[in-house]
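The structure appears below as structure tokens.
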Amino acid sequence: MAETGTERRACQRFKIPGSTVNYKKAGFLLPPRGFLEEFCPVLDISRGGVRFLAQKPLKHNTKISVTISIPGERIPLSLTGEVRWSTFNPGKSYKYQVGVQFYPYGEKKGQNYPGNLVKIIALEQKFIDQADLDDNKPGPGGTDSFTI
């Protein structure tokens, strides 16, 4: 899905190379038995949600639980949210792109653990800063190229 048009997100998106999502539908009475899909590649993440690739389409407003595995991190992030969109991904090995909006963070029932927000903010700072550094790599010879 091309990233064109007006940005409607309140949170900045960032990429975490090698991160994956496992997801399952959130149950109301009984917890779901297992993941519907595992090791789905994450395209980007923000404080408010995640976009990932999947083999199966997910319906709009489906309540799901996601477990996001991040390379170098021992404990994955476990969050709940709702599918906001799912679109066909033509000609690719994963047939769909899925956008999930996380539920609010807090201590009340149905909210995500606030420690996950702290972790996402730390990852945001790490990976956005790294992207900025990659964009500003010095030119040949080890220094920035400029003339006086």
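Residue by residue through segment 39-72, note down the ones that are of a type outside the set (A, V, I, L, M, F, W, C) and under 8 Å from the mean Cα position of the chain (by Cα). Full working, then the answer.
Of the residues in segment 39-72, the ones of a type outside the set (A, V, I, L, M, F, W, C) are 41, 44, 46-49, 51, 55-57, 59-63, 65, 67, 69, 71-72.
Residues satisfying the conditions are ASP44, SER46, GLY49, ARG51.
When segment 24-48 is filtered for residues that are modelled with pLDDT of 95 or more, closer than 16 Å to TYR103 by Cβ and part of a strand (DSSP E or B), only ILE45 remains.
Of the numbered criteria (1) outside any strand (DSSP E or B); (2) out of contact with any Asp or Glu (no Cβ under 8 Å at 6 or more places or on another chain), the one VAL83 fails is (1). Put simply, of ILE120, ILE70, ILE128 the only residue that is modelled with pLDDT under 95 and within 17 Å of GLY49 (Cβ to Cβ) is ILE128. For LYS92, the conditions (1) surrounded by 16 or more Cβ atoms within 10 Å (Cβ to Cβ); (2) not in a helix (DSSP H, G or I); (3) not aromatic (Phe, Trp, Tyr) all hold with the exception of (1). Per this entry, PRO71 is counted among residues that are in a loop (DSSP other than H, G, I, E, B), in contact (Cβ under 8 Å) with a residue 40 or more places away in the chain and either among the acidic types (Asp, Glu) or exposed (fewer than 11 other Cβ atoms within 10 Å of the Cβ) (or both).
Picking from residues in segment 101-126 that are in contact (Cβ under 8 Å) with a residue 40 or more places away in the chain and in contact with a Phe, Trp or Tyr (Cβ under 8 Å, 6 or more places away or on another chain), the one that is nearest to GLU82 (Cα to Cα) is LEU117.
The values are calculated or read from the model by the stated rules, or taken from the named source; none is laboratory data. Source: prediction; values computed, not measured. Note that we place each Cβ from the backbone using ideal geometry, even for glycine, and neighbour counts take in every protein chain shown.
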